[in-house]
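**Q** Have a look at this one before I ask anything.
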Amino acid sequence: MSADLPAYAYEAVGRDGQTSRGVVNAHDEASALRRLTGDGLVVIKIAPAQAARSEGRDRDLKPAERVLVLRQMALMLEAGVSLLESLQTVSQGLKARKGKAQFEALIAALRQGDSLGGAMQTHVPGFPIYVYAMAKVGEASGRVAEVLKQAAEQMAYEDRLRREFQNAMTYPAFLAFAGTAAVAFIFTQVVPRFGAMIGEDRTNVPTLSRWVLAAGEYASANLLVVAGGLAALIGLAVLIASNKTARARAYSIAHGLPVVGPVIQAREVSAWARLTAFALNTGVPILQAIQLSSTAVPLGPFRQGLDLLDGDLRSGITIDASLGSHTNLEAMDLSLLRAGQKSGTLGAMFGFMADNYENRLRDRMKQMTALIEPLAIATISLIVGFVALSLVLALSSVYEGVV
C-alpha cells in the first residue's frame, strides 16, 4: 500500500498556476518527483516529510486550509489520481490533528462504499453546507474535480467577503467598546458624585433625573452584581448561539430585518442559483438538481419555499410559478427562469441569477457596513446625551429650589 511507503513533502505549481503543498508516498525522492511531474505539477521543493508533521495542534481546519484542501483534491483528480489516493495525500499533509482525524474517517467511510457527499457531511463537518451538496452534484454528474474546484472558489470568495466585513467592522467595534466604557465610567463614577452633591432630598428633581441618579448609585455600589449580570447576558448569548433551534429562530428573525435581511437573502439566492446552474449545466435532471441545491440553503423562509418546489414540479407546475408563489424572488428573476424553460437554457439563466445576486450581496454588505459606523456613533451620543440632560435637569431643579 502507498501509505506504507516513505512520505515526501512537496511544494509545486499546477497547470492552473496555483501553488499547492502536500505529502506524497513513494519508494524514494526520485520516484516521488517522477510521480508529481506525471501528475502535471512543476515541483518547487521536495524533501522527506518529518514525523513531527503529524504532531500538530489538536484543532479543526481553518477556512483557508479548507479551501486549500479542496483545491488540492481537485488538482489531483484532474491529473488522474484516484479519489482515495488524493484524500490520503491531503490527509498526510494536514497539521491539525482534529482535521487529519476527520479526513481519515472520511477515507474509511469511502472504503466501505459510502458516497463522497454523505461521508463528508458525516465525518468532515465545518464546511459550508453547499460544499456537501456540490459534492453530491459532482457524484451525480461524474465531475467531482470540477465541482470541488467550484466549491473552493466559492469558499474563497465568501472568505474574502467575510474578511472585508471584519475589516470594515473594526472601527465601529472600537467605537462600541469605547462608548460602552465611557457610559460605564459615567454611571459608576460621575453620576454618583452628582447624587452626593444633590443630596437625599430629591423632591424637586425630575423623575427622569431620579432614575438616572438611582441607576448610577446602584451600579457604583454593586459593581460585582452589575458585572455578573453582564457576564450572564454574554453567557446567554453564547448559549443561544450554540443551540440549533435558537440559531434557526434568530436566523429567521434576522431574515426580516431592514439592513441585515437583504444581505442574508442575497447570499441564500446566490448560493442556491449557483449550485442549481452548475448541476443543470453538468447534465443533472431538473428534479435532482433542485433537491441537491435546496440543501445548500439554511433553514429559513427561503428554504421553506424551496422545499415546496419539488412537489410543485412533479405536479406539473412550472418552476417560475412555484417560486413566485412560495418565495420572494423578484419578477425579473421569474421572467428569466420562464424564458430559460422555454428556450432550454435554464442552467444559463440560473448562472445569470447567481452573478446578479453575488453583485447585490457585495453592494448590500458595503451599505450595511457604511450604516453601522454612524449608527454606533448616534447610539452612543444619544445615551451620553440622555445622561447629561438628566444631570443638568437635576442640578437646575436644585438651583431653583435654593433660589
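Please treat every number below as a calculation from the coordinates, not as lab data. On a predicted model such as this, the values are computed, not experimentally measured, just so you know. Every residue, glycine as well, gets a Cβ built from its backbone with ideal geometry; the counts of neighbours run over all protein chains shown.
**Q** At what distance in angstrom do the alpha carbon centres of the range 189-245 and the range 119-183 lie from each other?
**A** Cα centres, the range 189-245 to the range 119-183: 39 Å.
**Q** Quick one: what are the phi-derived ³J(HN,Hα) couplings along the range 366-376, Karplus 6.51/-1.76/1.60 with θ = phi - 60°, whole Hz, x for glycine and proline?
**A** Karplus values, whole Hz, x for Gly and Pro: 5, 5, 5, 5, 5, 7, 5, 4, x, 5, 5.
**Q** What list do you get for E330, E78 if you sort them by fewest beta carbons within 10 Å? Let's see the in-between values first.
**A** Working: E330 13, E78 19.
Placing the least packed residue first, the sequence is E330, E78.
**Q** I want to check the label-to-label distance for V259 and A241. Put each point 7 Å from Cα in the C-beta direction and report it in nm to one decimal.
**A** Distance between label points: 1.9 nm.
**Q** Another question about this same structure. Would you mind telling me which residue in K45, K366, K149 has the biggest mean-square fluctuation in a Gaussian network model of the chain, where springs connect alpha carbons within a distance under 10 angstrom?
**A** Top of the fluctuation ranking is K45.
**Q** Once each part is reduced to its C-alpha centroid, what is the distance from the range 66-97 to the range 9-23 in angstrom?
**A** Between the Cα centre of the range 66-97 and that of the range 9-23, the gap is 11 Å.
**Q** Which residues' amide hydrogens lie under 5 Å from the amide hydrogen of N222, considering only partners 5 or more residues apart or on another chain, with H built in the peptide plane?
**A** none
**Q** So for E373, E85, fewest C-beta neighbours within 10 Å to most, what's the order? If you can, show how the numbers build up before the last one.
**A** Values: E373 14, E85 17.
So the ranking, lowest neighbour count to highest, is E373, E85.
**Q** For F386 and Q18, what is the calculated FRET efficiency with R₀ set at 35 Å and r taken between the beta-carbons, to the nearest 0.05?
**A** Working: r = 55 Å, r/R0 = 1.58.
FRET efficiency, F386 to Q18: 0.05.
**Q** Using alpha carbons only, how many angstrom separate the centre of the range 325-403 from the centre of the range 101-116?
**A** The range 325-403 and the range 101-116 have Cα centres separated by 43 Å.
**Q** Let me ask something else about it. Label S252 and M197 with points 7 Å out from Cα along Cα→Cβ: what is the distance between them in nm?
**A** Result: 5.2 nm between the two label points.
**Q** Here is a follow-up. Residue by residue through the range 91-104, which ³J(HN,Hα) values in whole Hz follow from phi under the Karplus form 6.51 cos²θ - 1.76 cosθ + 1.60 (θ = phi - 60°), with glycine and proline marked x?
**A** Residue by residue, the range 91-104 yields 4, 5, x, 7, 8, 6, 4, 5, x, 4, 5, 5, 6, 5 Hz.
**Q** Relative contact order (percent) for the chain, with alpha-carbon contacts under 8 angstrom and 6 or more residues of separation? If you can, show how the numbers build up before the last one.
**A** Numbers: 461 pairs, mean separation 57.9, N = 403.
Answer for the chain is 14 percent.
**Q** Whole-Hz Karplus ³J(HN,Hα) for the range 348-362, in order, using 6.51 cos²θ - 1.76 cosθ + 1.60 and θ = phi - 60°, x for Gly and Pro?
**A** Here the 3J(HN,Hα) series is 5, 5, 5, x, 5, 4, 4, 4, 4, 6, 5, 5, 5, 4, 4 Hz.
**Q** Tell me the mean residue ellipticity at 222 nm calculated for the chain from its helices only (DSSP H runs of n ≥ 4, each -39500 (n - 2.57), averaged over every residue, nearest 500).
**A** Working: 18 runs with 291 residues, N = 403.
Result for the chain, helices only: -24000 deg cm²/dmol.
**Q** Please check: in the Gaussian network model of the chain (C-alpha springs, under 10 Å), which one of D114, D310, D320 has the largest mean-square fluctuation.
**A** D114
**Q** Would you please give the FRET efficiency between E11 and I234, computed as 1/(1 + (r/R0)^6) with r the Cβ-Cβ distance and R0 = 35 Å, to the nearest 0.05?
**A** Values: r = 43 Å, r/R0 = 1.23.
Efficiency at R0 = 35 Å is approximately 0.20.
**Q** Between T379 and D307, what length comes free when the chain is fully extended (0.36 nm per residue of separation minus the Cα-Cα distance, one decimal in nm)?
**A** Numbers: separation 72, 0.36 × 72 = 25.92 nm, distance 4.03 nm.
Additional length available on full extension: 21.9 nm.
**Q** Where does each of L5, L336, L148 land when they are ranked from fewest to most other beta-carbon atoms within 10 angstrom?
**A** On the way: L5 14, L336 22, L148 26.
Ranking L5, L336, L148 by Cβ neighbours within 10 Å, fewest first, gives L5, L336, L148.
**Q** If I compute semi-axes √(5λ) of the Cα gyration tensor in Å from the structure I just sent, which labelled value in [x] 59, 32, 20; [y] 54, 31, 17; [z] 46, 31, 18 lines up?
**A** [y]
**Q** If you don't mind, there's one more thing I want to ask. Please work out the FRET efficiency for the pair T37 and A227, using the Cβ-Cβ distance as r and a Förster radius of 60 Å; give the result to the nearest 0.05.
**A** On the way: r = 63 Å, r/R0 = 1.05.
With R0 = 60 Å, the Cβ-Cβ based efficiency is 0.45.
**Q** In nm, to one decimal, how far is the modelled label at L371 from the one at T122, with both set 7 Å along Cα→Cβ?
**A** Once both label points are built, they end up 4.4 nm from each other.
**Q** Under 22 Å between alpha carbons, and skipping anything fewer than 8 positions from K98 in its own chain: which lysines qualify?
**A** Once the sequence-local lysines are set aside, what remains near K98 is K62.
**Q** So, one more: Which residue, R274, R364, R247, tops the fluctuation ranking in a GNM of the chain built on C-alpha contacts under 10 Å?
**A** Its mean-square fluctuation being the largest, the pick is R247.
**Q** Tell me which residues come under 5 Å, amide H to amide H, from L61 once H is placed; ignore anything under 5 positions away on its chain.
**A** G99
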